[in-house]
Amino acid sequence: MQLTAPAHRSTDTTGSTDASRPTRRTGIHDTDGMAVASFVLGLLGLLVLNVFLGPIAIALAGIALWRGTARRGRALLGLGLGVADLLVLVAFMSADNTMSWSL
């Protein structure tokens, strides 16, 4: 499995690069990983550290959607869970009248 692009490209006598090789979308695995990470962090943020994990889940989901992830549904779930993290934080903060919350 090749993780990086080759160091050199073969050229013909006209100076053009070898066009017979199929082009790859680099970074697609990164965007899929971001979508899954946003889902997991958003889900985990409902329980602990939602002030940190919620915005991270929102940012990762937004980047994954912007880059065109194949896991669009997972990224949208991560986005929704990240927003839910912040809403849970606001609800508990308003119930306790403090800047933090505890059960």
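Per residue, the convex hull spanned by the Cα atoms of segment 37-103 measures out at 60 cubic angstrom. The order of the peptides 84-93, 60-69, 36-45 by mean Cβ neighbours within 10 Å, most packed first, is 36-45, 60-69, 84-93. Computed from the C-beta positions of Trp66 and Phe92 and an R0 of 30 Å, the FRET efficiency is 0.45 to the nearest 0.05.
Computed from the coordinates by the stated procedures, all read-outs in this text should not be read as laboratory data. Just so we're clear, the structure is a prediction, and the values are computed from it rather than from any experiment. Cβ sites come from the backbone with ideal geometry, for glycine too, and all protein chains shown count toward neighbours.
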